[in-house]
1. What tally of residues in segment 213-269 results from selecting those that are farther than 18 Å from Pro319 by Cα and free of Cβ contacts under 8 Å to residues at least 40 places away in the same chain?
2. Just to be sure before I move on: is Ala166 modelled with pLDDT of 95 or more, in contact with a Phe, Trp or Tyr (Cβ under 6 Å, 6 or more places away or on another chain), crowded, with 21+ Cβ neighbours inside 10 Å and in the same structural domain as Pro324 (by TED's automatic domain parsing) in the structure I sent?
3. So in segment 293-325, with the set limited to residues that are among the small types (Gly, Ala, Ser) and surrounded by 24 or more Cβ atoms within 10 Å (Cβ to Cβ), which one is farthest from Gln140 (Cα to Cα)?
4. Only strands (runs of 3 or more DSSP E) wholly contained in segment 286-350 count here; list those with 2 or more residues that are more than 17 Å from the chain's Cα centre (by Cα).
5. I need a count of the residues in segment 157-185 that are within 18 Å of the chain's Cα centre (by Cα) and among the polar types (S, T, N, Q).
6. (1) crowded, with 17+ Cβ neighbours inside 10 Å; (2) assigned by TED's automatic domain parsing to the domain that holds Val23; (3) over 28 Å from His307 (Cβ atoms): which one isn't true of Ala148, the others all being true?
7. Of everything in segment 20-32, what is touching a helix residue (DSSP H, G or I) at 6+ places or on another chain (Cβ under 7 Å) and not in a strand (DSSP E or B)? Give them in sequence order.
8. Say we look at segment 121-142 and pick out the residues that are touching a strand residue (DSSP E or B) at 6+ places or on another chain (Cβ under 9 Å) and not hydrophobic (A, V, I, L, M, F, W, C); which of these is nearest to Cys12 (Cα to Cα)?
Amino acid sequence: MIGNRIPAARECLKRFNADLLLVTNLSNIRYLTGFTGSEALLILSPEDGWFLTDSRYTSQAGAEVTGAKVIEFSSRMDGLVERLLELRPARVAFEAGSTTVAFYQELCGKTPGIEYLPADAELAGLRTVKDAGELAILEQVAAIASEALLETVARLKPGMTEAEVAWMLEVAMREKGAEGKSFDFIVASGERGALPHGRASEKKLAAGELVTIDFGAIYRGYCSDETVTVCLGEPDAKQREVYETVLAAQRAAMFAVHPGMSFKDLDAKARDLIAGKGYGAYFGHGLGHGVGIDIHEHPAASPRSKHVIQEGMVFTIEPGIYIPEWGGVRIEDTVVVEKNGCRPITRVPKDLIIV
């Protein structure tokens, strides 16, 4: 299926009336060519393609890359400039977001007369709808992470540190075939649950606390993302109220998903419910984000989003309530959009887990 992706990327040339497309983001290069290494540039013309890398990856690129000729360089800048001067384009569409100012300034200085046109949004848009192969991998990585989490939760007990929980979860993922973790896990217990990005610390879990765990695995280059909040012992009335509010908001959003709906409206489904329960001031982040080769991809579900839901998109739905000096709750699933709604691919049950 990778072989069918480069023609779609070439549409950027028509949109910008450009002679060449320069791809520098390694995730986009992997998506377009299949290359899994860490040094590469991709140049596409309307009819041809050139894949530039150094001697560490020449053989690997020869085996992995489709849709472009592999060319070895000794200097990233010199190799790119040499190719551009040979091709003599007037306009080059490129990824401004993954290009440093220093690199851009040097490139412009060495290629006078070439106009460079930012095409980040157009390239990001290529990856928003997943194909069948991508969906199969995303299902697999989500299963690995969910199963590892359930094993880890069963072993939780007061006195463990948040860092110990995170390590235990990472080991369980590795044992199930994960290539690694897709981000630094969030394990936030008690009052630390009020930190949406409370990375695992040396704080010890205590009986009666809520514990929020945001986690994900990598498998065959794709990421998973899921969040659960569990309780160490029976929850009190406020813990139940907050948890049930977040769960109702998440379910309302998941039930509302359908192709053609705006992400802004989807965000409002959860946000308005939380606000109606009196907790609107405690939900500050967007409802979700795309997931794929990167843990955060286009599109975003937020009050500022201008995008529309499409069949085949994969994104998270993760409302939360974060109350300073009390704690917090977040519940997250990753879903795939289908013809008449969405389906979660993450597998941990979201009714409150009491350990």
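The values are calculated or read from the model by the stated rules, or taken from the named source; none is laboratory data. Here the structure is a predicted model, which means the values were calculated and not measured. FYI the Cβ positions are ideal-geometry reconstructions off the backbone, even for glycines, and counts take in every protein chain you see.
1. 2
2. Yes.
3. Only one residue fits best here, namely Gly320.
4. In segment 286-350, the matching strands (runs of 3 or more DSSP E) lie at 320-323, 327-330, 341-344.
5. Going through segment 157-185 one residue at a time, the tally reaches 1.
6. Unmet for Ala148, out of (1) crowded, with 17+ Cβ neighbours inside 10 Å; (2) assigned by TED's automatic domain parsing to the domain that holds Val23; (3) over 28 Å from His307 (Cβ atoms): (2).
7. The answer is Thr24, Asn25, Asn28, Tyr31, Leu32.
8. Glu122
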